[in-house]
1. Which one is farthest from Val116 (Cα to Cα), of the residues in the range 18-58 that are of a type in the set (Gly, Ala, Ser) and in contact (Cβ under 8 Å) with a residue 24 or more places away in the chain?
2. So Lys27 passes all but one of these: (1) closer than 28 Å to Ser98 by Cβ; (2) loosely packed, with under 15 Cβ neighbours inside 10 Å; (3) of a type outside the set (Phe, Trp, Tyr). Which condition number does it fail?
3. Considering only residues that are over 17 Å from Asn53 (Cβ atoms) and either crowded, with 16+ Cβ neighbours inside 10 Å or aromatic (Phe, Trp, Tyr) (or both), which ones fall in the range 84-96?
4. Collect the residues in the range 67-98 that are aliphatic (A, V, I, L, M) and in contact with a Lys or Arg (Cβ under 8 Å, 6 or more places away or on another chain), keeping them in residue-number order.
5. Can you tell which of Arg52, Arg80, Arg99, Arg64 is exposed (fewer than 13 other Cβ atoms within 10 Å of the Cβ) and among the basic types (Lys, Arg)?
6. Residue by residue through the range 130-142, note down the ones that are under 18 Å from the mean Cα position of the chain (by Cα), within 15 Å of Ser93 (Cα to Cα) and in a loop (DSSP other than H, G, I, E, B).
Amino acid sequence: GTSGDERQAFKMVWLEDFQKYVMELQKSRPNLILCGDYNICHEPIDIHDPIRNATNSGFLPEEREWMTRFLSAGYVDSFRTLCPEKQEYTWWSYRFNSRAKNKGWRIDYCMVSEPVRPLLKRAYILNEAVHSDHCPMALEIL
């Protein structure tokens with residue numbers, strides 16, 4: 001098997017490759033909406049216990065720094081942009097009754113390229129929907 005360090009190194013390479021791909025794609029398609037599980041909590045508000053999770057994959061400094069670079073390169077976290085103070089999550093561990101206690105992580109995003117920002121109307125998390133350890137997120141654009 002692969003070690004945690006090897007998995008983390010692979011994840012970081014994948015994130016860099018993903019960013020290169022979408023930057024290239026944006027040249028021909030400037031209005032991008034990139035929704036999915038990024039497996040990263042960007043800021044302390046995005047995770048129920050930032051102190052104790054500081055050394056866990058999904059909240060590591062290099063992952064969070066990648067997210068900052070990605071956003072600085074012309075992408076917008078629609079939920080955080082429209083709901084700057086809201087502390088809601090999109091994923092809960094199956095362990096420790098985490099969902100019932102709302103001890104979650106916001107790791108699913110609807111990212112948009114900068115030209116889409118003026119079209120953002122509403123972004124929200126459907127945390128009552130229980131189909132897996134994740135819940136859906138919705139984005140409404142004009």
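Each value in this text was obtained by applying a stated rule to the coordinates, not by laboratory testing. Just so it is clear, the model here is predicted, and its values are computed rather than measured. Don't worry about glycine lacking a Cβ; one is built from the backbone with ideal geometry, like all the others, and counts go over all protein chains shown.
1. Ser57
2. Evaluating Lys27 over (1) closer than 28 Å to Ser98 by Cβ; (2) loosely packed, with under 15 Cβ neighbours inside 10 Å; (3) of a type outside the set (Phe, Trp, Tyr) leaves (1) as the failure.
3. None - no residue of the range 84-96 is over 17 Å from Asn53 (Cβ atoms) and either crowded, with 16+ Cβ neighbours inside 10 Å or aromatic (Phe, Trp, Tyr) (or both), so the list stays empty.
4. Once the filter is applied, which keeps residues that are aliphatic (A, V, I, L, M) and in contact with a Lys or Arg (Cβ under 8 Å, 6 or more places away or on another chain), the range 67-98 yields Val76, Leu82.
5. Step by step, each of Arg52, Arg80, Arg99, Arg64 is checked, and only Arg52 is exposed (fewer than 13 other Cβ atoms within 10 Å of the Cβ) and among the basic types (Lys, Arg).
6. Selection gives Ser132, Asp133, Cys135.
Rundown of residues vs (1) among the small types (Gly, Ala, Ser); (2) touching a Phe, Trp or Tyr at 6+ places or on another chain (Cβ under 8 Å); (3) touching a residue at least 12 places away in the same chain (Cβ under 8 Å), yes/no style:
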site: Cys83; (1), (2), (3): no, yes, yes
site: Ser93; (1), (2), (3): yes, no, yes
site: Cys110; (1), (2), (3): no, yes, yes
site: Arg117; (1), (2), (3): no, no, yes
site: Leu120; (1), (2), (3): no, no, yes
